[in-house]
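Quick notes on the structure that follows.
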Amino acid sequence: MPLEEGSIEQATLEGKYLITRAGKMIWTTIITNQKPIIIARETLNSFCFRFEKLYKQELKNLYTEFNGDISIFQRTSLYKVSVDMIVNDEFYLQHTLPYKLGSTKGKDISSKTKKILQLAKDIAHKNKGLILLGTLFTEASHILNFDNVEIAVLIYNLVENEILMPIPLEDIKKK
């Protein structure tokens, strides 16, 4: 475990990788199946700093005023977002959700983007309208003669332009 505020330690446990950061009031750990890359450490640092800054009062009073009730971190208000929203923002977890195709009307699409989009349509057709970005990336890297960074940027642009749209978790659960 890291001892000083802001320090990060890595470890392995039963085939899993752990990255732990010591904050001012909390320790936060990411557990993953793959060896962590440097951006994971940076993201963990950013998450911890943002979480502690936003929930400073709640963390100080967690075991007194709030009686250990961690549901306070799930609430959203005019001034605060839930911990789930912070996690999604910092770790881009929304990109692991299934996506669906949105409209391309009125959007300027390059020829390379059209090739990625066609692959997305093929994947959606095979999977009842669902597209996983990881699958799209893998397919594109195998089929197209594009650099991996370029593929990632093209997919990101499709998401940013709402041509690929995440399906809300609640909708997935309903299905």
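The values are calculated or read from the model by the stated rules, or taken from the named source; none is laboratory data. Everything numeric here is computed off the predicted structure, so don't read it as measured data. Here Cβ is always computed from backbone atoms with ideal geometry, including for glycine, and neighbour counts include all displayed protein chains.
Can you say whether Ile163 is crowded, with 17+ Cβ neighbours inside 10 Å, closer than 16 Å to Lys100 by Cα and at pLDDT 90 or above, as far as the supplied structure shows? Yes: the conditions hold for Ile163. Gly129 - would you say it is assigned by TED's automatic domain parsing to the domain that holds Glu162 and either farther than 21 Å from Thr20 by Cβ or among the aromatic types (Phe, Trp, Tyr) (or both)? It is true that Gly129 is assigned by TED's automatic domain parsing to the domain that holds Glu162 and either farther than 21 Å from Thr20 by Cβ or among the aromatic types (Phe, Trp, Tyr) (or both). Being outside the structural domain of Met165 (by TED's automatic domain parsing) and either free of Cβ contacts under 8 Å to residues at least 40 places away in the same chain or surrounded by 12 or more Cβ atoms within 10 Å (Cβ to Cβ) (or both) holds for only one residue in Lys35, Lys107, Lys115, Lys121, and it is Lys35. Applying the selection to region 12-69, what residues are at pLDDT below 90, assigned to a loop (DSSP other than H, G, I, E, B) and among the hydrophobic types (A, V, I, L, M, F, W, C)? The answer is Ile37, and nothing else. Picking from residues in region 32-43 that are under 14 Å from the mean Cα position of the chain (by Cα) and among the aliphatic types (A, V, I, L, M), the one that is nearest to Ile86 (Cα to Cα) is Ala40. Annotation note: of Lys53, Lys24, the sole residue that is assigned by TED's automatic domain parsing to the domain that holds Ile86 and touching a residue at least 12 places away in the same chain (Cβ under 8 Å) is Lys24.
When region 56-96 is filtered for residues that are under 29 Å from Ile163 (Cα atoms) and either β-branched (Val, Ile, Thr) or in contact (Cβ under 8 Å) with a residue 40 or more places away in the chain (or both), the ones remaining, listed by number, are Thr76, Val81, Val83, Ile86, Val87, Glu90, Phe91, Gln94, His95, Thr96.
Restricting attention to region 95-104, the residues being surrounded by 12 or more Cβ atoms within 10 Å (Cβ to Cβ) and over 21 Å from the mean Cα position of the chain (by Cα) number 1. Going by the structure shown, is Val159 free of Cβ contacts under 8 Å to residues at least 60 places away in the same chain and either in the same structural domain as Ile39 (by TED's automatic domain parsing) or of a type in the set (Val, Ile, Thr) (or both)? Considered against the rule, which asks whether it is free of Cβ contacts under 8 Å to residues at least 60 places away in the same chain and either in the same structural domain as Ile39 (by TED's automatic domain parsing) or of a type in the set (Val, Ile, Thr) (or both), Val159 comes out as no.
For Ile123, the criteria (1) touching a strand residue (DSSP E or B) at 6+ places or on another chain (Cβ under 6 Å); (2) β-branched (Val, Ile, Thr); (3) farther than 27 Å from Ile39 by Cβ hold in every case but one, which is (3).
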